[in-house]
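Enquirer: One structure follows; several queries about it will come next.
Read-outs throughout are calculated quantities, based only on the coordinates presented, and are distinct from any laboratory measurement. Keep in mind the model is a prediction, meaning the values are calculated, not measured. Here the Cβ positions follow ideal geometry from the backbone for every residue, glycine too, while neighbour counts run over all protein chains shown.
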Amino acid sequence: MSIASNLAAVRERIAAAESKAGRPAGTVRLLAVSKTFPAEDVRAAFEAGQTMFGENRVQELTAKVPVLPPEIEWHLIGQLQSNKVAKAIEFADWIHSVDSERLIRRIASVAADSRRAPCILLEVNSGEDAKSGFRDMDELKRSLEFALGESSLQIRGLMTMAAFGAPEVELRRTFAHLRDLRDSLQKEFGVAMPELSMGMSADFESAILEGSTIVRIGTAIFGGR
Ligand SMILES: *Cc1c(COP(=O)(O)O)cnc(C)c1O
């Protein structure tokens, strides 16, 4: 199967899930996760109409961005270390994986210095086996409150990763929980957080049924890693 036909099949599945969820067509955006795949594969997907791409490592991001079309919108989706924040902000338009107060303070200060204003998603930990994401809701709220006062940050919503291979009911519960958390934060802080980044190759249809607005899909487009 080619990347173009895989992409077409994924887009059809997204449209079917939107329709099943009773959501308007086009409310879910596809982030193509190109980690470990070469720049040629990103280009093939771009030529098939895909414009949003995600990488999980800063080093791989900085290698790909300069050799690919400038129209691409890049998203960093993997854990970010303090010493890589400057590169992350230089090369990515979005950061999905902000998971501590320390990290958001660092991103705000580096972004202000470099006159950038990255779109930010706060990552929420969804289970014991997951390594990343906020676990402490007080820290998440302090981080959000801080971020809302920083003009160098554009808070757009929340992100999570569901437990791999979990049964459907558990997946739905995880995704519904992220949506409910977003709804309650919007109310408490009086701020719009429109984006829910949730759903991967194995579970994106469940995520769309629970309100996902960005699905992060690698394997179903580019093949196994
Ligand atoms: C790799 C990765 C994905 C994509 O996973 P697939 O199962 O290949 O679709 C999504 N989100 C994050 C954070 C990832 O690291």
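Enquirer: At what distance in nm do the modelled label points of A25 and H177 sit from each other, each positioned 7 Å from its Cα along Cα→Cβ?
Expert: Roughly 3.5 nm, to one decimal.
Enquirer: Please give the calculated 222 nm ellipticity per residue for the chain, where each DSSP H segment of at least 4 residues contributes -39500 (n - 2.57) and the sum is spread over every residue; nearest 500 deg cm²/dmol?
Expert: The helix-only estimate for the chain comes to -13000 deg cm²/dmol at 222 nm.
Enquirer: Now, a different point. Quick check: net charge around E55, other residues with Cβ under 9 Å of its Cβ, Lys/Arg +1 and Asp/Glu -1?
Expert: +2
Enquirer: Please report the spacing between the Cα centers of the stretch 128-188 and the stretch 200-225 in Å, no decimals.
Expert: One Cα centre to the other: 17 Å.
Enquirer: Here is a further query. Say R0 is 25 Å: what FRET efficiency, to the nearest 0.05, do A192 and S109 get from their beta-carbon distance?
Expert: 0.55
Enquirer: About the Cα centre of the chain, how large is the charge dipole given +1 on each Lys and Arg Cβ and -1 on each Asp and Glu Cβ? Please answer in debye to the nearest 20.
Expert: Roughly 220 debye, rounded to the nearest 20.
Enquirer: Run the count for the stretch 84-225, please: Lys pairs, Cα-Cα under 25 angstrom, 8 or more apart or on different chains.
Expert: 5
Enquirer: When only DSSP loop residues count, what GluC sites (Glu not before Pro) in the stretch 122-180 have their Cβ near at most 11 other Cβ atoms within 10 Å?
Expert: In loop regions of the stretch 122-180 (DSSP not H, G, I, E or B), the sparsely surrounded GluC sites (Glu not before Pro) are E128.
Enquirer: Still on this structure, I have one more. What's the FRET efficiency of E12 with A202 using the Cβ-Cβ distance as r and R₀ = 25 Å, to the nearest 0.05?
Expert: Plugging the Cβ-Cβ distance into 1/(1 + (r/R0)^6) gives 0.90.
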